[in-house]
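The values are calculated or read from the model by the stated rules, or taken from the named source; none is laboratory data. None of these values were measured; they are calculated from a predicted model. Please note: Cβ atoms are built from the backbone with ideal geometry, for glycine as well, and neighbour counts cover all protein chains shown. These accessible areas exclude ligands, DNA and RNA; they are computed on the full protein's heavy atoms, side chains included. Shrake-Rupley method; radii C 1.70, N 1.55, O 1.52, S 1.80 Å.
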Amino acid sequence: MRSLVSLLAGLLAIYSCTSQKTPEPFGPVPAGRQLAWHDMEYYMFVHFTVNTFTGKEWGYGDESPEVFNPSQADCRQWARVARDAGMKGIIITAKHHDGFCLWPSQYTEHSVKNSPWKDGKGDVLLDLRQACDEYGLKMGVYLSPWDRNSAVYATPEYLNYYRNQLRELLTKYGEIFEVWFDGANGGNGYYGGARETRRIDNRTYYDWPNTIEIVRELQPGAVMFSDAGPDVRWVGNERGIGSLTNWCLLNRDEMYPGGPFAKILGEGHENGSYWVPAEVDVSIRPGWFWHEKEDSLVKTPQELLEIYYNSVGRNCNLLLNVPPDKRGLIHENDVASLMGFKKLLDEEFRTEVAKGKKAVSDNSLGRKYSASMVTDGDPGTFWMADGKSSEASLTIDLGSETEINRILIQEYIKLGQRIQRFRVSAYAGGEWKPVVEGTTIGHKIIRKFPVIKTSRIKVEINQAKAAPAVSEIQLFRAPGE
Ligand code: FUL
């Protein structure tokens, strides 16, 4: 008898060893800095420079530093607003196309050091650093490659200037989470008094690979944004709309900032060879800079909620621009709108009904990767179909008839982006009714559907490049229909 028991125990041990397969990544996967970036989801863009005082969107480069004179500049107010709005960081235009520097760069006179603000002793970057630390936010920098003030713009010498400025920003202001390389490039400008048009070849002029090296060396944790990555790509429009099909993959080798790629940037490349997810940049106002006449044109909380669904809800991060006014404060109307939006967000996702509920799947890679991982509230665990299967389905049992109208799904992207097509159905009136169909998922999607009363939800993965791995599924009853 005893030998039979030990034989069975032995067999069981061998079985459980062989049945615990190890999931393998498929295709390009995110680097650590990109994973941290995905988790940020929503953060603030701050456009602030001489334009704030001249009313322009693109300064010509001949603006006197004396026009920069905010009466109550308060980065702590920006940070407080960002924190209260639910944002995780702030990216500031350290230098926009006009060339004026918000920090006292040692490489130019065209900066805050020659403005009356704080008697030329001010440093917006330093103030922002302190404010971000105080409010638990990450900080990022935008340094415009195009410089309409610089006399050497369009010559090789400008590259030294640009890189020296980048080094200042990346060594003097603590940890930077994102470096933003704008694609707008070349044209007319002041250029040290030349007042002429200068064109550059944006494929070659900036020698991006060597600039990228500098960022990697000085801030290895920072992601770099541009039309072509290397780490994060533009979404292809400034209207706040991500693409429903959205691959975090891109064949970036053939691309460069400012190239004619807007059309493909939304979807990315299904079989792209690098992980380069999309970021949605959009302004809370019609312009990127503050203009008094736009005080009445601030996007409403409802409009911002739509943008959220179209960006964070479509596997993108949302970089929402909130430009400070002439005082150096975020205007009351923008604050009111942001707080209204935060309230809507909280209400929208207050009632989650799937957490802790029983989930079963038609197949899984083993116990550690069972269906219950999608309702455990931990994005670090995941359900994975058996290695052989690119089709699989799982069912969440809500226990009783429950109203729902939103679904959130996350793929376990550490193993790559795999899912190509999925369908969600709800069991109601004795049958499975389709509620949402889609293509890609990636870091996160959130989809709306009309309220349905159901006891069970089925998520089918109809097509995937490799065995699907899903970390979270959440179901909500948001207010309204
Ligand atoms: C564009 C710029 O030309 C705009 O002024 C703004 O900074 C926007 C975010 O990017 O390319």
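Tally up the residues in segment 327-355 that are touching a helix residue (DSSP H, G or I) at 6+ places or on another chain (Cβ under 8 Å), in a loop (DSSP other than H, G, I, E, B) and open to solvent by 60 Å² or more (accessible area, probe 1.4 Å), please. Residues flagged as touching a helix residue (DSSP H, G or I) at 6+ places or on another chain (Cβ under 8 Å), in a loop (DSSP other than H, G, I, E, B) and open to solvent by 60 Å² or more (accessible area, probe 1.4 Å) within segment 327-355 amount to 1.
Of all the criteria given as (1) closer than 29 Å to Asp346 by Cβ; (2) at pLDDT below 95, the one not satisfied by Glu391 is (1). The set of residues in segment 87-109 that are assigned to a loop (DSSP other than H, G, I, E, B), touching a His at 6+ places or on another chain (Cβ under 9 Å) and either within 17 Å of Ala151 (Cβ to Cβ) or modelled with pLDDT under 95 (or both) comprises Asp98, Gly99, Phe100.
For segment 362-376, the set of residues classified as of a type outside the set (A, V, I, L, M, F, W, C), open to solvent by less than 40 Å² (accessible area, probe 1.4 Å) and modelled with pLDDT of 95 or more consists of Tyr369, Ser370, Thr375, listed by residue number. Among the residues of segment 257-288, the ones that are of a type outside the set (A, V, I, L, M), more than 16 Å from the ligand (Cβ to nearest atom) and out of contact with any Cys (no Cβ under 8 Å at 6 or more places or on another chain) come to 9 in all. Of the residues Thr204, Thr245, which single one is out of contact with any helix residue (DSSP H, G or I) (no Cβ under 9 Å at 6 or more places or on another chain), touching a residue at least 60 places away in the same chain (Cβ under 8 Å) and open to solvent by 20 Å² or more (accessible area, probe 1.4 Å)? Going through Thr204, Thr245 in turn, the sole match is Thr245. Of the residues examined, Pro277 is one that is within 27 Å of Val46 (Cβ to Cβ) and either at pLDDT 95 or above or assigned by TED's automatic domain parsing to the domain that holds Thr52 (or both). Checking Glu254 against (1) out of contact with any Lys or Arg (no Cβ under 8 Å at 6 or more places or on another chain); (2) away from the ligand (no atom under 16 Å from the Cβ); (3) open to solvent by less than 10 Å² (accessible area, probe 1.4 Å); (4) closer than 26 Å to Thr204 by Cβ, which single condition isn't satisfied? Going through the list (1) out of contact with any Lys or Arg (no Cβ under 8 Å at 6 or more places or on another chain); (2) away from the ligand (no atom under 16 Å from the Cβ); (3) open to solvent by less than 10 Å² (accessible area, probe 1.4 Å); (4) closer than 26 Å to Thr204 by Cβ, Glu254 breaks only (3). Considering segment 217-236, the residues that are in contact with a Pro (Cβ under 9 Å, 6 or more places away or on another chain) and aliphatic (A, V, I, L, M) include one that is surrounded by the fewest Cβ atoms within 10 Å (Cβ to Cβ), namely Met224. Taking segment 23-54 as the range and being within 14 Å of the ligand (Cβ to nearest atom) and either at pLDDT below 95 or assigned to a loop (DSSP other than H, G, I, E, B) (or both) as the test, the residues that pass are His47, Phe48, Thr49, Val50.
Say whether the condition of being within 21 Å of the chain's Cα centre (by Cα), within 16 Å of the ligand (Cβ to nearest atom) and in a loop (DSSP other than H, G, I, E, B) is met by at least one residue in segment 170-182. Yes: one or more hits. Take the conditions crowded, with 20+ Cβ neighbours inside 10 Å and either of a type in the set (Val, Ile, Thr) or more than 21 Å from Val312 (Cβ to Cβ) (or both) and apply them to Ala385. Does it pass? Criteria met by Ala385. Just wondering, is there one or more residues in segment 394-413 that are aromatic (Phe, Trp, Tyr) and either farther than 23 Å from Thr22 by Cα or touching a Leu at 6+ places or on another chain (Cβ under 7 Å) (or both)? No: zero hits. Do the conditions hold for Gln165, that is, is it assigned to a helix (DSSP H, G or I), modelled with pLDDT of 95 or more and surrounded by fewer than 19 Cβ atoms within 10 Å (Cβ to Cβ)? For Gln165, the condition - assigned to a helix (DSSP H, G or I), modelled with pLDDT of 95 or more and surrounded by fewer than 19 Cβ atoms within 10 Å (Cβ to Cβ) - is not met.
Matching residues to (1) in contact with a Cys (Cβ under 7 Å, 6 or more places away or on another chain); (2) open to solvent by less than 60 Å² (accessible area, probe 1.4 Å); (3) acidic (Asp, Glu):
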site: Glu303; (1), (2), (3): no, no, yes
site: Tyr309; (1), (2), (3): no, yes, no
site: Cys316; (1), (2), (3): no, yes, no
site: Asp325; (1), (2), (3): no, yes, yes
site: Lys357; (1), (2), (3): no, no, no
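Can you tell me which residue is farthest from Asp39 (Cα to Cα) among those in segment 73-117 that are of a type in the set (D, E, K, R) and within 16 Å of the ligand (Cβ to nearest atom)? Only one residue tops the list, namely Asp98. Of the strands (runs of 3 or more DSSP E) lying entirely inside segment 412-481, those containing at least 2 residues that are in contact (Cβ under 8 Å) with a residue 60 or more places away in the chain and out of contact with any Asp or Glu (no Cβ under 9 Å at 6 or more places or on another chain) span 445-464.
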